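Asker: Have a look at this one.
The values are calculated or read from the model by the stated rules, or taken from the named source; none is laboratory data. For clarity, every value in this text was computed on a predicted model and none was experimentally measured. Here Cβ is always computed from backbone atoms with ideal geometry, including for glycine, and neighbour counts include all displayed protein chains.
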Amino acid sequence: MLRLCVKFLSILSLLVICSESSPLFAQEKDSITSAIPLHEVVVRADRLKRETIPVQVLSGETLKKLSVHSVADAVRYFSGVQVKDYGGIGGLKTVNIRSMGSHHVGVFYDGIELGNAQNGVVDLGRFSLDNMEAVTLYNGQKSALFQPAKDYASASAVYMQTRKPEFKEKKRYNLNLGLKSGSFHTINPSVLFEYKLSANVSASFSSEFLYTSGKYKFSYTKKNGYDTTEVRKNGDVRMFRTEAAFFGKIKSGEWRTKAYYYNSERGYPGASVREEPGKFKHQDRQWDDNFFVQGTFRKHFGGWYSLMLNGKYAYDYLHYLSDPRKDVTTMYVDNHYKQQETYASAAHLFSIFPWWSVSLSNDFQWNTLDADLVDFVYPNRYALFSALSTSIDFNRFKIQGSLLHTYVKDETLTAGANAGDKSVITPSLITSWQPFKREEFHLRAFYKRVFRMPTMNDLYYTFIGNKDLDPEYTNQYNIGTTYAKDFKQGFFNRLELQVDAYYNEVEDKIIAMPTSNQFRWTMLNLGYVEIRGMDAAIQGSFSLGKVNLSPRLSYTYQKAQDFTDAESQWYGGQIPYIPWHSGSIIVSGSYKSWYWNYSFIYTGERYEAVANIPENYAQPWYTHDLSLSKNFNFKPFEMSATAEVNNIFNQQYEVVQCYPMPGTNFKIKLNFIL
């Protein structure tokens, strides 16, 4: 075994040396020994033994029954995740995984990454669950070979998989009309239409509209606690989303294309802090237009080679307005931003032996940013990602290694204003071992180093950006175990457990610091953070007669310390908004045509600033949500009705300081299926 490992490392090193003149590297495949890794698999049950990397999945009925509005709400139920929610309905929602920061989270939509070169953050609150089949969270990367190079570039990743058409018997179409209504004057109609064009080609059309006033009562803190009630204002949202997709099958392969359009206008309610107590007047407005078209092609050639091609074009427009004539506490801002992105990827998988596979993938991405800012430099970014990965699978023992080469070149309209070219190679190594042949018990470990290029805002935002910034780097170490068992007798059907302990480092963390003028900040490399933690998840399923229950429990412990300045009195303190303890519970059940879901989220004590002092202490918060649904069969169509009650006990809480969240609220959902 030692000789084989030495040979593996020698081959990998040789391939790296021989590939310096061309872009490097890639990774994915559900079963390494499979000869035809062609089709994406929509995971409907979490078979933990199949993943050599920590992964969490919400899919199918479990995802559908959750009392959530968006993907951001759904990922809160994963261990190791903190969602920053700036004000509930209309506020921005970003996700932070294992305390490494939102910029280190890759977000993928049907296998292709969603980009934001301007600020590097994707607002998960934009993405509805109406057409979503599964939401998957990976720490590190997918434990697979056949994937684009960019899939290796993030410290963690959220994959959103939309629904793929399925037709019963000789049926040629599916139609699902939905309507949601509830608190905050919410109205949310939707339509999903799927059509079978031929034996090998199908189409899908999905669209929805959402309006909500975003007005809800909240209590805020005065000197002696919560004793004053106000109404949250300027949190209204008007949103329209539509997407069309085509799916095709070819000999030993498949293809799919998708066009997506999103339009919204929203108010940002802002912080509940004002010069005059009781006057909450935030009037900030934002308009978004987002469009992209993307496609994927996969084909298997013989028993040894597979090809995957991805392509995408995206256009994003953002208009932000802050008018002091409506709110005297703000500065006047009326900015327009336009982004364009072109992306192309080719991944090659070589099955050399049944136990040895090698993958090479190359990605190209071009981004441009246009803004009506004074002295803006109008940057263009050209990036090449190359990944070389290999996997050895001895059935009960697996090892995967990859090298990612990232080359970034920025150009600006103003001479000399661009950051220098960056060329970096980052490795990863993943292992998995099944000690006992007949037991679904696995041990796993991985190491990964990640490079993050500063965003265009970090580098080029007028008066704030710093073109001399160094990139951020992270080192990730993880050891864990998974266990699963099927029960053939009794009321227990299956039990699954996974536990992971991890240690992360974030080097050259990019932070904003004030200069001599408090109104003018700049971006600096000052941060160094160490994160130690543990994630645990347990789930099962059991039956009592005709009653089926599926409980899921997740727990996270994190100690995330800031070691930026050794002379600071706050050196080694817990970084802001990271709780030591957090967790969630989901219990789904069914009886004949009745379905119910109970969910509980807990976020423990934390601090709201770098200074870990009583004035910055934040109390724990938790919410209870409950939903009940019933299916009706009225041939030739079906109907389902769902009633939801969220935050049942009306807890007053804040995810981010001074951004109060809604109390008790409800929603009614109706779906007509033909």
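Asker: Could you count how many residues in segment 417-452 are under 14 Å from Gln498 (Cα atoms), among the charged types (D, E, K, R) and touching a Leu at 6+ places or on another chain (Cβ under 9 Å)?
Answerer: Here the count works out to 1.
Asker: List, please: which pairs have Cβ atoms under 6 Å, are six or more places apart or on different chains, and start with a residue in segment 59-77 that is within 17 Å of Pro662 (Cβ to Cβ) and end with one that is among the hydroxyl-bearing types (Ser, Thr, Tyr)?
Answerer: These pairs meet every condition: Ser67/Ser627.
Asker: Being at negative phi, in contact with a strand residue (DSSP E or B) (Cβ under 9 Å, 6 or more places away or on another chain), surrounded by 23 or more Cβ atoms within 10 Å (Cβ to Cβ) and not in a loop (DSSP other than H, G, I, E, B): is that true of Ala157 here? Full working, then the answer.
Answerer: Details: at negative phi: yes; in contact with a strand residue (DSSP E or B) (Cβ under 9 Å, 6 or more places away or on another chain): yes; surrounded by 23 or more Cβ atoms within 10 Å (Cβ to Cβ): yes; not in a loop (DSSP other than H, G, I, E, B): yes.
When the stated conditions are applied, Ala157 passes them.
Asker: Only one residue in Ser181, Ser190 is assigned to a strand (DSSP E or B), surrounded by fewer than 18 Cβ atoms within 10 Å (Cβ to Cβ) and either among the polar types (S, T, N, Q) or touching a Lys or Arg at 6+ places or on another chain (Cβ under 9 Å) (or both). Which one?
Answerer: Exactly one residue qualifies, and that residue is Ser181.
Asker: Write out, first by first residue and then by second, each pair whose Cβ atoms fall under 7 Å of each other, whose residues are 6+ apart or on separate chains, and whose first residue, in segment 98-110, is of a type in the set (Asp, Glu) while the second is surrounded by fewer than 23 Cβ atoms within 10 Å (Cβ to Cβ).
Answerer: Listed by first residue and then by second, the contacts come to Asp110/Gln161; Asp110/Thr162; Asp110/Lys258.
Asker: What pairs can you find where one residue is in segment 647-671 and free of Cβ contacts under 8 Å to residues at least 60 places away in the same chain, the other is β-branched (Val, Ile, Thr) and surrounded by fewer than 20 Cβ atoms within 10 Å (Cβ to Cβ), and their Cβ atoms are less than 6 Å apart, with a gap of 6+ or different chains?
Answerer: Qualifying pairs under 6 Å: Asn647/Thr664; Asn650/Thr664.
Asker: Please find, within segment 223-244, the residue that is farthest from Gln657 (Cα to Cα) out of those that are at pLDDT 80 or above and part of a loop (DSSP other than H, G, I, E, B).
Answerer: Asp236
Asker: I want to confirm something. Restricting to segment 528-563 and keeping residues that are surrounded by fewer than 17 Cβ atoms within 10 Å (Cβ to Cβ) and of a type in the set (Ser, Thr, Tyr), which single residue is farthest from Leu66 (Cα to Cα)?
Answerer: If we take residues in segment 528-563 being surrounded by fewer than 17 Cβ atoms within 10 Å (Cβ to Cβ) and of a type in the set (Ser, Thr, Tyr), then Tyr528 is farthest from Leu66 (Cα to Cα).
Asker: If you don't mind, there's one more thing I want to ask. If I ask for residues that are in contact with a strand residue (DSSP E or B) (Cβ under 8 Å, 6 or more places away or on another chain) and assigned to a loop (DSSP other than H, G, I, E, B), which ones from segment 615-631 would you list?
Answerer: Within segment 615-631, Pro620 is the sole residue that qualifies.
Asker: Any idea which residue in segment 583-627 is surrounded by the most Cβ atoms within 10 Å (Cβ to Cβ), counting only those that are more than 19 Å from Ala641 (Cβ to Cβ) and of a type in the set (D, E, K, R)?
Answerer: Looking at the filtered set, the residue picked out is Arg606.
Asker: I've got another one for you. Residue check: is Arg126 in contact (Cβ under 8 Å) with a residue 12 or more places away in the chain, over 10 Å from the mean Cα position of the chain (by Cα), more than 24 Å from Lys84 (Cβ to Cβ) and surrounded by fewer than 24 Cβ atoms within 10 Å (Cβ to Cβ)?
Answerer: Working: in contact (Cβ under 8 Å) with a residue 12 or more places away in the chain: yes; over 10 Å from the mean Cα position of the chain (by Cα): yes; more than 24 Å from Lys84 (Cβ to Cβ): no; surrounded by fewer than 24 Cβ atoms within 10 Å (Cβ to Cβ): yes.
Spelling it out, it is not the case that Arg126 is in contact (Cβ under 8 Å) with a residue 12 or more places away in the chain, over 10 Å from the mean Cα position of the chain (by Cα), more than 24 Å from Lys84 (Cβ to Cβ) and surrounded by fewer than 24 Cβ atoms within 10 Å (Cβ to Cβ).
Asker: Do we have Asp375 as of a type outside the set (S, T, N, Q), exposed (fewer than 15 other Cβ atoms within 10 Å of the Cβ), out of contact with any helix residue (DSSP H, G or I) (no Cβ under 7 Å at 6 or more places or on another chain) and in contact (Cβ under 8 Å) with a residue 60 or more places away in the chain here?
Answerer: yes
Asker: Conditions: (1) assigned to a strand (DSSP E or B); (2) in contact with a helix residue (DSSP H, G or I) (Cβ under 8 Å, 6 or more places away or on another chain). Ala609 meets all but one. Number of the miss?
Answerer: Of everything listed in (1) assigned to a strand (DSSP E or B); (2) in contact with a helix residue (DSSP H, G or I) (Cβ under 8 Å, 6 or more places away or on another chain), Ala609 misses just condition (1).
Asker: What is the number of the single condition among (1) over 21 Å from Lys150 (Cα atoms); (2) crowded, with 19+ Cβ neighbours inside 10 Å that Gln339 does not meet?
Answerer: The single condition Gln339 does not satisfy is (1).
Asker: Which one is surrounded by the fewest Cβ atoms within 10 Å (Cβ to Cβ) among residues in segment 423-434 that are touching a Gly at 6+ places or on another chain (Cβ under 9 Å) and in contact (Cβ under 8 Å) with a residue 60 or more places away in the chain?
Answerer: Going through the qualifying residues, I end up with Ser428.
Asker: Now, a different point. Taking segment 259-288 as the search range and keeping residues that are more than 15 Å from Leu210 (Cα to Cα) and at pLDDT 95 or above, which one is surrounded by the most Cβ atoms within 10 Å (Cβ to Cβ)?
Answerer: By that ranking, first place goes to Tyr260.
Asker: Select from segment 240-259 the residues that are under 22 Å from Leu192 (Cα atoms) and in contact (Cβ under 8 Å) with a residue 40 or more places away in the chain and list them in ascending order. Show your work before the answer.
Answerer: From segment 240-259, those under 22 Å from Leu192 (Cα atoms) are 240-249, 255-259; that's our starting set.
Answer for segment 240-259, where residues must be under 22 Å from Leu192 (Cα atoms) and in contact (Cβ under 8 Å) with a residue 40 or more places away in the chain: Arg241, Glu243, Ala244, Ala245, Phe246, Phe247, Gly248, Lys249, Trp255, Arg256, Lys258.
Asker: Could we say that Thr368 is of a type in the set (Ser, Thr, Tyr) and closer than 20 Å to Met523 by Cα here?
Answerer: no
Asker: What tally of residues in segment 628-674 results from selecting those that are loosely packed, with under 14 Cβ neighbours inside 10 Å, within 27 Å of the chain's Cα centre (by Cα) and over 21 Å from Lys215 (Cα atoms)?
Answerer: Summing the residues that are loosely packed, with under 14 Cβ neighbours inside 10 Å, within 27 Å of the chain's Cα centre (by Cα) and over 21 Å from Lys215 (Cα atoms) in segment 628-674 gives 0.
Asker: Also, I was wondering about something else. Would a scan of segment 509-516 turn up a residue that is at pLDDT 90 or above and of a type in the set (Val, Ile, Thr)?
Answerer: No, because not a single residue in segment 509-516 is at pLDDT 90 or above and of a type in the set (Val, Ile, Thr).
Asker: Which of the residues belonging to segment 458-493 are polar (S, T, N, Q) and either more than 30 Å from Ile511 (Cα to Cα) or in contact with a strand residue (DSSP E or B) (Cβ under 6 Å, 6 or more places away or on another chain) (or both)?
Answerer: Asn466, Thr474, Asn475, Gln476, Asn478, Thr481, Thr482, Gln489, Asn493
One line per residue, one yes/no per condition, for (1) farther than 25 Å from Phe292 by Cα; (2) at pLDDT below 50; (3) of a type outside the set (A, V, I, L, M); (4) not in a loop (DSSP other than H, G, I, E, B):
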{"position": "Lys29", "(1), (2), (3), (4)": "yes, yes, yes, no"}
{"position": "Ser34", "(1), (2), (3), (4)": "yes, yes, yes, no"}
{"position": "Leu38", "(1), (2), (3), (4)": "no, yes, no, no"}
{"position": "Val42", "(1), (2), (3), (4)": "no, yes, no, no"}
{"position": "Ala45", "(1), (2), (3), (4)": "yes, yes, no, no"}
{"position": "Asp73", "(1), (2), (3), (4)": "no, no, yes, yes"}
{"position": "Ser79", "(1), (2), (3), (4)": "yes, no, yes, no"}
{"position": "Phe108", "(1), (2), (3), (4)": "no, no, yes, yes"}
{"position": "Asn119", "(1), (2), (3), (4)": "no, no, yes, no"}
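Asker: Report every pair of residues separated by at least 6 positions or lying on different chains whose Cβ atoms are under 6 Å apart, first residue within segment 398-422 and closer than 15 Å to Ala149 by Cβ and crowded, with 20+ Cβ neighbours inside 10 Å, second of a type in the set (Lys, Arg) and modelled with pLDDT under 95.
Answerer: Hits for this filter: Val408/Lys422.
Asker: Follow-up. Quick one: which residue in Trp355, Trp304 is surrounded by fewer than 20 Cβ atoms within 10 Å (Cβ to Cβ), farther than 30 Å from Gly416 by Cβ and either in contact with an Asp or Glu (Cβ under 6 Å, 6 or more places away or on another chain) or among the acidic types (Asp, Glu) (or both)?
Answerer: Going through Trp355, Trp304 in turn, the sole match is Trp355.
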